1. Among B:160, B:220, what is the fewest-to-most ranking by other Cβ atoms within 10 Å?
2. Given only helices, namely DSSP H runs of n ≥ 4 each adding -39500 (n - 2.57), what is the per-residue ellipticity at 222 nm of chain A, to the nearest 500 deg cm²/dmol?
3. Can you tell me the FRET efficiency between residue B:160 and residue A:46 if r is taken as the Cβ-Cβ distance and R0 is 35 Å, rounded to the nearest 0.05?
4. I'd like the antiparallel share, as a percent to the nearest 5, of DSSP beta bridges with both residues in the protein assembly as shown.
5. Which whole-angstrom value gives the distance between the alpha carbon centres of region B:267-343 and region A:101-147?
6. Debye sum, Cα scatterers, region B:80-148, no solvent: what log₁₀ I/I(0) at q = 0.24, 0.27, 0.29 1/Å?
7. Connecting C-alpha atoms closer than 10 Å in a GNM of chain B, tell me which of B:31, B:326, B:263 has the biggest fluctuation.
8. How big is the protein assembly as shown by Rg and Dmax over its Cα atoms, in Å?
């Protein structure tokens, strides 16, 4: 039996395997500390397209194609794709994955979408509704700046609390068996904690780390309670894109609630760039940030058994150009996925 | 065992019950043919809020609150809410359902989102991951025009193929048992067919019916094949918001493929307004259109056993202001949900 662990958490009866995965990034990400680990790097950030939005679609298409190739799985074998991005009406997804003609569940959770797509993919497999699914998310620095902030041509100044949207896409082929044509699975999903919208009333879209940290704290606290574990259960507790400011807020919030995660905590946004030399301020962000870091770096550590078990928890800031301009707050959301070495 | 029926279709081992539901609409919808059936009508389309976007959030909040009340279910009993809308970054959802503090899966499938939210809700229950979930979608005429088209103040002319976005929200409480505190379930979900992105290259955002009809035809053809049924299996085959033009295209496309659905076909967009007297041209549309029609009208017919079994298939047009302005096509998507009388 699949198990409900409290209201928000789930433990599938049998693990769901991450059969394989792939990442594609832009030039800035390739120049960062994880640069050599990504599967593919664009020559420039247009990726052969005419617009930034098309470029982001191309990222999703490439990532899914590579992940399927590496897993030795054809698009026809995939029941569903769970996909999302940050653009209005998820346009990168609609145009990015349409050529595969796989039934689509579009998902949106801002930068937490990678966690949501993995959780729903795992649910559909663990529930017996699919043998194989694909989860994919993307972001693009230029399309995101256009969508949320100022035209790049303004050369707007960025405060030190601002993050830099990652240009990249990560795709994951999930399956019910540990082996596929492409070999042994990279890792397995053994639990999930689904996040709520948490709103502390913060309104600064240039400090998304602080806006999202309360949501990360809420999901983490719920997770520890539902699974009756402490932070030590995990080799790493990995948030998506809290960055420097958000990391400090998260660790403080959890300390107040009796949990010390300072040893285990890692943030994808702090791993992907060298903040000092790359001028990325608080760190990386975007739907692609946690996805490419999971595919290129985290799964590698699990595969090589440097880590045995991690909690992967992408974080999302729920804002739009309109909500910001209308003076609304920026609530956060975070979804946690437990990922372990495959065997 | 939950059953996969072909790649895109699913048959849960045990039905998932629609325990109860609720609808709230604006004044124009209340003046239409279904006007007396809706649970609540706003005095005006601001619903006591300062912006159209906040008004749309209020719609979701009200619809979920009423549906929970009618089902006799508290927010704490609900494992997940599957929710979406048409606004950029799903803002109506983020601010609409946050006060319930239910773990959230945000979903996006344009006007097909109601079908997607019901399908994923049913999957999470049939898979044993939740006892009760809520599925909710909304749209608002004024927030949608602002998001996708021209400022209302322009008084832009609308071609006859254009549809009118429904102001409204429909919420559904799903559960694993036929009975709840609020009494017997209104209906049950017994199957699903998940749609693919279908792109015929059409670019006219003022003729979304024609853009979506090929997706509806694709999902229907897949559904008939996967479940080995003919159109006669259903008392009604109900699309979301194809409107007058899209209905004609759908019936023709399916006739070419050997299926005659002209007797069974019904479109929520054609039911909700009186096109002649209400000047709504091709019909109603939006995430709220199929949701409020399902809650107020379709479930009533099933409950009264005027109909025994329907295929509810909301249709979505995948476009954004940006994709339209960049000259992209308007692909479609449609998700089918089989709904039957509860007993």
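Values quoted throughout were computed directly from the atomic coordinates according to the rules given, and no laboratory measurement underlies them. Computed from a predicted structure; not experimentally measured. Please note: Cβ atoms are built from the backbone with ideal geometry, for glycine as well, and neighbour counts cover all protein chains shown.
1. On the way: B:160 11, B:220 26.
Ordered from fewest to most neighbouring Cβ atoms within 10 Å, B:160, B:220 come out as B:160, B:220.
2. -9500 deg cm²/dmol
3. Working: r = 39 Å, r/R0 = 1.13.
Plugging the Cβ-Cβ distance into 1/(1 + (r/R0)^6) gives 0.35.
4. Details: 79 of 119 bridges.
Close to 65 percent.
5. Here the two parts' Cα centres lie 24 Å apart.
6. Calculated log10 I(q)/I(0) at the listed q: -1.01, -1.18, -1.29.
7. Result for chain B, Cα springs under 10 Å: B:326 fluctuates most.
8. 23.0, 70
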